[in-house]
1. Being outside the structural domain of Cys185 (by TED's automatic domain parsing), among the hydrophobic types (A, V, I, L, M, F, W, C), out of contact with any Gly (no Cβ under 8 Å at 6 or more places or on another chain) and assigned to a helix (DSSP H, G or I) is true for just one of Ala80, Ala122, Ala102. Which residue is that?
2. If you take the residues in the stretch 127-157 that are in contact with a Lys or Arg (Cβ under 9 Å, 6 or more places away or on another chain) and assigned to a helix (DSSP H, G or I), which one is farthest from Gly56 (Cα to Cα)?
3. When you go through (1) closer than 16 Å to Gly117 by Cα; (2) touching a residue at least 12 places away in the same chain (Cβ under 8 Å); (3) among the hydroxyl-bearing types (Ser, Thr, Tyr) one by one for Ser221, which number turns out not to apply?
4. Val137: farther than 23 Å from Lys118 by Cβ, crowded, with 24+ Cβ neighbours inside 10 Å and at pLDDT 95 or above, yes or no?
5. Taking Leu98, is it of a type in the set (A, V, I, L, M) and at pLDDT 90 or above?
6. Would you please name the residue that is surrounded by the fewest Cβ atoms within 10 Å (Cβ to Cβ), looking only at residues in the stretch 43-75 that are outside any helix (DSSP H, G or I) and out of contact with any helix residue (DSSP H, G or I) (no Cβ under 8 Å at 6 or more places or on another chain)?
7. Would you check if Leu109 is closer than 18 Å to Asp210 by Cα and in contact with a His (Cβ under 8 Å, 6 or more places away or on another chain)?
8. Can you say whether Thr33 is crowded, with 16+ Cβ neighbours inside 10 Å, more than 16 Å from the chain's Cα centre (by Cα), at pLDDT 80 or above and β-branched (Val, Ile, Thr), as far as the supplied structure shows?
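The values are calculated or read from the model by the stated rules, or taken from the named source; none is laboratory data. Note that the coordinates shown come from a computational prediction; the quantities given were computed from them, not determined experimentally. So basically every Cβ, Gly included, is an ideal-geometry build from the backbone, and we count neighbours across all protein chains shown.
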Amino acid sequence: MPESVMQLPCPRAILFDWDNTLVDSWPCIGRATNITLQAMGREPWDDAELRRRVAGSLRDTFPLIYGDRWEEAGEIYIRAFAEVHIEMLQALAGAEDLLRDAAGSGIYLGVVSNKTGKFLRAEAEHLGWTALFGCIVGAQDAARDKPAPDPIHLALQPSGIAAGPEVWFVGDAPIDVICGRAAGCRTVFVGSLSENGLDVINRPDHVVADCRALAGLVRASLSPA
C-alpha cells in the first residue's frame with residue numbers, strides 16, 4: 001500500500017523521469033513515432049497504443065518493433081524528433097516550482113530518462129533547468145537503460161548519495177517503478193495507477209496526481225512531524 005504523506009521522511013535526493021513526468025512530450029513523441037512507422041510501411045498508432053508501447057529506450061525497443069531494420073528506423077525517428085522537439089516542448093503545470101523549491105531546500109535532484117541524452121539535455125537547457133540538476137542521464141549514457149538500475153547509480157554519482165530509501169525515484173510509467181525498485185529507491189508514481197497497467201507486484205510506494213501534488217508531498221516531508 002502507498003504510504004501516507006506524514007509517513008514519508010525527507011529525501012536526500014529525488015531522481016525524476018522526464019517525459020510526461022516533468023514535461024508534456026506525447027505530441028512530439030507521437031509525431032516522430034508515426035512518421036517512423038509510416039516510413040517503415042507500418043500503420044500509425046493512436047494515442048492509446050502510443051502510451052502503451054512507448055517507455056523503453058530506442059536501443060531496447062526498436063529491435064522489437066522493426067526487427068533487422070531497427071537502426072534505419074532509429075535514424076528516421078531521430079531526424080523527425082530533432083526537427084520539432086524544442087518547438088513542441090511544454091513543461092507540465094507545477095513542474096518548475098516543484099524543482100526550484102526542492103533544489104532550494106537542499107535536496108539533490110537528477111534526471112533518469114530513456115530519451116536520447118543529447119535531446120534530454122537540450123530540453124533541460126531550453127527550459128532553464130540545467131543548473132537545478134546534479135546529473136541528467138539519458139538513454140545510452142549508462143551501460144544499460146531503464147528499467148535496469150544503472151542510470152540511477154550514474155545520476156547519483158556526483159552527490160555521493162547511495163541508492164536506497166532516502167532517494168525518491170519519480171516517474172509516470174511502470175518502467176519507472178521497476179527501475180526505482182531495482183535500485184532500492186522509494187518509488188513515487190505520478191498519475192493514475194488504473195490507467196497505466198501497474199500490477200500488485202509493481203505498485204509504487206506512493207502515488208500523486210501531478211507535479212503540484214508531488215510538491216506538496218516534498219513540502220510535507222520537510223516539515224517536522
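1. Unique residue meeting the criteria: Ala80.
2. The extreme case among them is Leu132.
3. Of the numbered conditions (1) closer than 16 Å to Gly117 by Cα; (2) touching a residue at least 12 places away in the same chain (Cβ under 8 Å); (3) among the hydroxyl-bearing types (Ser, Thr, Tyr), the odd one out for Ser221 is (1).
4. no
5. Judged against the criteria, Leu98 is a match.
6. As a first pass, look at the stretch 43-75 and keep what is outside any helix (DSSP H, G or I): 43-46, 54-57.
If we keep only those that are out of contact with any helix residue (DSSP H, G or I) (no Cβ under 8 Å at 6 or more places or on another chain) too, we end up with 46, 57.
Values: Asp46: 11, Ser57: 21.
Per the criteria, the residue is Asp46.
7. No, not satisfied.
8. Yes.
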